[in-house]
1. What Kirkwood hydrodynamic radius do you get for region 132-310 when you take the inverse of the mean 1/r over all pairs of distinct Cα atoms, in Å?
2. Treating the beta-carbon of each Lys and Arg as +1 and of each Asp and Glu as -1, no other charges, what is the dipole magnitude of region 16-105 about its Cα centre, to the nearest 20 debye?
3. Let me know the shape class of region 16-105, please: from the alpha-carbon gyration tensor, a ≥ b ≥ c as square roots of the eigenvalues, rounded when a/c is under 1.5, otherwise prolate if a/b is greater than b/c, or oblate.
4. Quote to one decimal, in nm, the extra length available between ASP204 and SER137 on full extension: 0.36 nm per residue of separation minus the C-alpha distance between them.
5. Going 7 Å from the Cα of MET34 in the Cα-to-Cβ direction, what parts of region 61-103 have a backbone nitrogen less than 20 Å from that spot?
6. To the nearest 20 Debye, how big is the dipole of region 132-310 about its Cα centre, given +1 on the beta carbon of each Lys and Arg and -1 on that of each Asp and Glu?
7. Extending each Cα 7 Å along its Cβ direction at GLN60 and ASN41, get the distance between those two points in nm, one decimal.
8. Measure off 7 Å from each Cα along the Cα-to-Cβ vector at LYS245 and LEU282, then give the distance between these two points in nanometres to one decimal.
Amino acid sequence: MAHNFLHSDANGSGDSLSRDPKTVIDRFLDAIWMERGLSENTLGAYRADLLALNNRLDSQGVELVQATRADVMDYISWRVEGGAKPRSTARQLSSFRRFYRYLLREGVRSEDPTAQIAMPKIGRALPQSLSEEEVESLLAAPNVSDPLGHRDRTMLEVLYAAGVRVSELINLKLTQINLNQGVLRIIGKGDRERLIPMGDEAQDWLREFIAGPRGEILLERQTEYLFPTRRGDRMTRQAFWHIIKRYAKKAGVAKKLSPHTLRHAFATHLLNNGADLRVVQLLLGHSDVSTTQIYTHVARERMKELHSRHHPRG
């Protein structure tokens, strides 16, 4: 059933709604929200993409609803010339595609201007990894004589030893650690559970932290979270991200870091040292091995580099 939202006026041209793109965009967002139950973030992204396209078209005297393939192509080329990355271009194009298909379905347009536009090729970005020496410097950066510094060192040790996601690390509870067996029980994406073995080093830091500094941070307060803040509650991802950046600066690590940097280093260093890809997949908690395969490229580059450096025929 078509939403008859572009009535004709006496002259047979589209009425004021076609002149008001924001209303059309709202109608579109309402419709896809009803159909798909999309998140606020996704709807917000669609809105931003369509408003950006509309602003550009408007400056050229073109209406959003009437845009041709050439208009959309012109917008995309203009964005790419301005330095837009393939991933963001692909996302915008998929927003436009959904919008114009909606107009097609509602009988507002007779053709989809995005139909013949190819999606840009998106290479998967290789995660930036740290060398083993850089990881050592980062781990040594916190001042462990201070209870919070000891906590930070333990968090970094566990992050690197177990390759957990930052969200999994900050949500760790005391009950998820088994120091007798040296394993962490992680509840990952989609509530999938996995057991991760930890090395002696991370276990020693955890034992020490739980025995002393953790109580000093909490004082009389109680929390089930393993790594509490001064206020006695769970740390946020943002707070931990600031901590990592601060220590990277102190350690002189100049690479661009992300909250996942130590997880990437964990995977890469395991593969560099001969671990099996399937094992790394299980440890990282990837449901699909193709997600893990990205790390084999990193490891392969490293092998080539080692070969050329150490092999007599390299």
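1. Working: mean 1/r = 0.0588 Å⁻¹.
For region 132-310, inverting the mean 1/r across all distinct Cα pairs yields 17.0 Å.
2. On the way: 15 positive and 11 negative charges, 68 e Å.
That gives region 16-105 a dipole magnitude of about 320 debye.
3. oblate
4. 22.3 nm
5. Taking a point 7 Å out along Cα→Cβ of MET34, the residues of region 61-103 whose backbone N falls under 20 Å are 98-103.
6. Dipole about the Cα centre, nearest 20: 640 debye.
7. According to this spin-label approximation, the distance is 3.2 nm.
8. Each label point is offset 7 Å from its Cα along the Cβ direction, giving 3.8 nm.
Any read-out appearing in this document is the output of simple, stated calculations on the displayed coordinates, not a laboratory observation. Fair warning: this is a prediction, and the values are worked out from it, not measured in the lab. Glycine gets a Cβ as well: all are built from the backbone with ideal geometry, and neighbour counts include every protein chain shown.
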